[in-house]
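The values are calculated or read from the model by the stated rules, or taken from the named source; none is laboratory data. The shown structure was predicted, so the numbers you read here are calculated from the model rather than taken from an experiment. Positions of Cβ are generated from backbone atoms using ideal geometry, with glycine treated the same way; all protein chains shown enter the neighbour counts. Ligands, DNA and RNA are excluded from the accessible area calculation, which covers all protein heavy atoms including side chains. Shrake-Rupley method; radii C 1.70, N 1.55, O 1.52, S 1.80 Å.
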Amino acid sequence: MTAPAKFVWYDVMTTDMRAAESFYTRVVGWSAKDSGMPNGGYTLFSAGDTMAGGLMPIPEDAARMGVRPAWMGYIGVDNVDECAARVRQAGGKVHKAPQDIPNVGRFAVCGGPGGEGFIIYQSNNPAPPSAPDKPGFVGWRELHGADLKRDWNFYSSLFGWTKDQAMDMGPMGTYQLWKAGDQVCGGMMTKGAEEPGAHWIYYINVASITAAEQRIKDAGGKILHGPAQVPGDMWIINALDPQGA
């Protein structure tokens, strides 16, 4: 690593491309268009003129493993092949070995020590990150892991992340904020007993939380938590789209 790694892309795997596209364009305000990739099946979401994420069907091999609709984050690295080897050495898994996306970059699908999925990605044409507070872009990343101490050691050793403040949440344990360089990018915690497995959550910025709440309901989504106020005078909603992501 020449610098701490950051999340650089996000996409949602789904069982119903058309329904998921309708949901996210309605709820987030994204525009959508086909990527034009030779094999099709990948849609690009944009906030204004800037690409913000992607949409794809769950790959057949992943579906056979029981993978359900979910959002996946891509962590930008200098060398995917070297990083994939380090993921294994650190106690993670490589579910899909490094491979190329023609004219785009190289990636590998990985799993953390608790089973949560993420993607490491090496871009042919790195783009500058969007403003972290701009509507339509992911502004926060949160790991609900199996064991906070083990998870922290895994990710910090791989990606050069450093600790920011730690928040005592009482019975829910510690919420550890983390930085990539000077930027506070997200948090980590040990998942609750009611959560079926370890997973990453990505928070998409919106202009109004109350308006977004109504759009989620109107578009057939399910509110799991919130609206709730969090430190920094911000408000959040945790939700599922109609396919369960």
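Checking the structure you have, find out if any residue of segment 1-14 is touching a residue at least 12 places away in the same chain (Cβ under 8 Å) and over 23 Å from C110 (Cβ atoms). Talk me through it step by step, then tell me what you get.
We begin by selecting, within segment 1-14, every residue touching a residue at least 12 places away in the same chain (Cβ under 8 Å); these are 1-14.
The next check asks that each one be over 23 Å from C110 (Cβ atoms); those that pass are none.
No, that holds for no residue.
How about segment 50-96: which of its residues are more than 18 Å from S123 (Cβ to Cβ), among the aliphatic types (A, V, I, L, M) and part of a strand (DSSP E or B)?
Answer for segment 50-96, where residues must be more than 18 Å from S123 (Cβ to Cβ), among the aliphatic types (A, V, I, L, M) and part of a strand (DSSP E or B): L55, A70, V94.
If you scan segment 62-77, which residues turn out to be open to solvent by 60 Å² or more (accessible area, probe 1.4 Å) and either over 21 Å from A146 (Cα atoms) or touching a helix residue (DSSP H, G or I) at 6+ places or on another chain (Cβ under 9 Å) (or both)?
First, pick out the residues of segment 62-77 that are open to solvent by 60 Å² or more (accessible area, probe 1.4 Å): 64-65, 68.
Correct list: R64 only.
Tell me, yes or no, whether segment 78-98 has at least one residue that is modelled with pLDDT of 95 or more, open to solvent by 20 Å² or more (accessible area, probe 1.4 Å) and in contact with a Lys or Arg (Cβ under 7 Å, 6 or more places away or on another chain).
Yes, there is a match, as at least one residue in segment 78-98 is modelled with pLDDT of 95 or more, open to solvent by 20 Å² or more (accessible area, probe 1.4 Å) and in contact with a Lys or Arg (Cβ under 7 Å, 6 or more places away or on another chain).
Given (1) part of a strand (DSSP E or B); (2) within 20 Å of W71 (Cα to Cα), identify the lone condition not met by V206.
Among (1) part of a strand (DSSP E or B); (2) within 20 Å of W71 (Cα to Cα), V206 violates only (1).
Which of the numbered conditions does G181 fail, given that it passes all the others? Conditions: (1) of a type outside the set (V, I, T); (2) within 18 Å of the chain's Cα centre (by Cα); (3) loosely packed, with under 15 Cβ neighbours inside 10 Å.
(2)
Yes or no: segment 157-174 includes at least one residue that is open to solvent by 50 Å² or more (accessible area, probe 1.4 Å), touching a residue at least 40 places away in the same chain (Cβ under 8 Å) and under 20 Å from G73 (Cβ atoms). Before the answer, list the steps.
Within segment 157-174, the first condition is being open to solvent by 50 Å² or more (accessible area, probe 1.4 Å), and the residues that meet it are 157, 162-169, 171-172, 174.
Then keep just the ones that are touching a residue at least 40 places away in the same chain (Cβ under 8 Å); that gives 157, 162, 167.
Among the residues that remain, those that are also under 20 Å from G73 (Cβ atoms) are: 157, 162.
Yes, that holds for at least one residue.
When segment 192-225 is examined, which residues are found to be open to solvent by less than 60 Å² (accessible area, probe 1.4 Å), at pLDDT below 95 and more than 16 Å from the chain's Cα centre (by Cα)?
G192, E195
Answer yes if at least one residue in segment 40-55 is farther than 25 Å from T210 by Cβ, of a type in the set (S, T, N, Q) and either touching a residue at least 60 places away in the same chain (Cβ under 8 Å) or open to solvent by 40 Å² or more (accessible area, probe 1.4 Å) (or both), and no otherwise.
Within segment 40-55 (the criterion being farther than 25 Å from T210 by Cβ, of a type in the set (S, T, N, Q) and either touching a residue at least 60 places away in the same chain (Cβ under 8 Å) or open to solvent by 40 Å² or more (accessible area, probe 1.4 Å) (or both)), the answer is yes, since at least one residue qualifies.
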